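For reference, the structure discussed in these notes is given below.
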Amino acid sequence: MSIKAPTCSAEVVDKVEVFDGESEKRLWEARAPRSPEGKRGALTLWAADEYELPGPGQQPTTLPKLLDVLLTEVGGDGGGGGSFDTAVVKRAKMPEGQYWTISGPMTAEAIDGQLPCEGGE
């Protein structure tokens with residue numbers, strides 16, 4: 001399962017955590033994405049080979065109704081997250097190079113463009 005979280009150009013993702021959105025039980029976590037895209041918030045959940053420090057565990061066979069994803073930046077100064085209904089996302093037909101959002105399909109650049117970043121980036 002791939003996600004894209006909005007980031008500004010100076011931000012680097014350090015940690016991703018995935019929770020059951022109803023029980024708040026942590027399902028998985030990983031630190032230090034390996035790729036430049038991962039460091040900018042384009043991440044594949046449960047893909048151990050994409051992280052320097054992957055957490056244990058596999059993607060559940062049946063995902064919970066709601067997933068909460070929390071990202072922390074390097075230095076722990078901030079981060080963000082989101083919650084989504086897994087059934088809605090599974091039904092969505094995404095064009096190549098785009099991600100599901102509440103507002104409809106968006107590219108990584110459009111997702112990042114939603115943030116009021118310093119210097120306009």
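General remarks:
- For segment 20-121, applying the loop criterion from DSSP together with a ceiling of 15 other beta carbons within 10 Å to the trypsin sites (Lys or Arg not before Pro) yields LYS25, ARG34, LYS65, LYS93.
- Answer label for Cα extents along the principal axes in Å (calculated), chosen among (1) 52, 34, 26; (2) 40, 35, 21; (3) 42, 31, 24: (3)
- Pair ARG34, SER103: separation of 7 Å Cα→Cβ label points (nm): 3.3
- Backbone HN-Hα couplings from phi across segment 57-73 [Karplus 6.51/-1.76/1.60, Hz, Gly and Pro as x]: x, 10, 4, x, 4, 10, 6, x, 4, 10, 10, 10, 10, 10, 10, 10, 7
- For LYS25, the lysines whose Cα comes closer than 21 Å to its Cα, not counting residues fewer than 8 places off in the same chain, are LYS15, LYS65.
- If R0 equals 25 Å, the separation of the Cβ atoms of GLU24 and ALA48 corresponds to a calculated FRET efficiency of about 0.60.
- The length gained by stretching the chain between ASP85 and MET1 to full extension, at 0.36 nm per residue less their Cα-Cα distance, is 28.9 nm.
- Counting only DSSP H runs of at least 4 residues, each contributing -39500 (n - 2.57), and dividing by the residue count of the chain, the helix-based mean residue ellipticity at 222 nm comes to -2500 deg cm²/dmol.
- Within a Gaussian network of the chain (alpha carbon springs, distance under 10 Å), most fluctuating of GLY81, GLY55, GLY97: GLY97
Read-outs throughout are calculated quantities, based only on the coordinates presented, and are distinct from any laboratory measurement. All of these numbers come straight from a predicted model, not from anything done at the bench. With ideal geometry, Cβ positions are generated from the backbone for all residues, glycine too; neighbour counts draw on all protein chains shown.
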